[in-house]
1. May I ask you to list the residues in the range 36-52 that are more than 13 Å from the chain's Cα centre (by Cα) and closer than 16 Å to Met1 by Cα?
2. Mind listing whichever residues of the range 1-24 are loosely packed, with under 13 Cβ neighbours inside 10 Å and of a type in the set (Val, Ile, Thr)?
3. Could you list, in sequence order, the residues of the range 1-18 that are aliphatic (A, V, I, L, M) and more than 11 Å from Tyr32 (Cβ to Cβ)?
4. So Gly62 clears everything in (1) of a type outside the set (D, E, K, R); (2) in contact with a Leu (Cβ under 9 Å, 6 or more places away or on another chain); (3) at pLDDT 90 or above; (4) surrounded by fewer than 12 Cβ atoms within 10 Å (Cβ to Cβ) except one condition, right? Which one?
5. Pairs, please: C-beta under 7 Å, at least 6 apart or cross-chain, first residue free of Cβ contacts under 8 Å to residues at least 40 places away in the same chain and in the range 8-33, second not in a helix (DSSP H, G or I)?
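The values are calculated or read from the model by the stated rules, or taken from the named source; none is laboratory data. Predicted model only: the values in this text are computed from it and were never measured. Counting neighbours? That spans all protein chains shown, and the Cβs are built from the backbone with ideal geometry, glycine included.
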Amino acid sequence: MNVLVGFIDEHRDELGVEPICKALQVAPSSYYAAKKRELAPSARAVRDAVMMQVLMVDEPQGLRRSQAVAGSQTRWP
């Protein structure tokens, strides 16, 4: 959707949002909702961004732990 929003933003002054959305077969409300999310991300998006930072800090240790248990290959004698 980000590519479409960027395209519409580039051409909205010369063509208008609704005609572009009609040609792209996208509802204008989808465009406006995406623009709204750019300005004020949802509480879920904010929480996910915070959690992603926490997970990225813990990743090396967590990755080693998961590889040792679930990711290791079994070797038979």
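1. Lys36, Leu39
2. Within the range 1-24, Val3 is the sole residue that qualifies.
3. Applying the first criterion (aliphatic (A, V, I, L, M)) to the range 1-18 yields 1, 3-5, 8, 15, 17.
Once the filter is applied, which keeps residues that are aliphatic (A, V, I, L, M) and more than 11 Å from Tyr32 (Cβ to Cβ), the range 1-18 yields Met1, Val3, Leu4, Leu15.
4. (3)
5. Pairs found: Cys21/Ala27.
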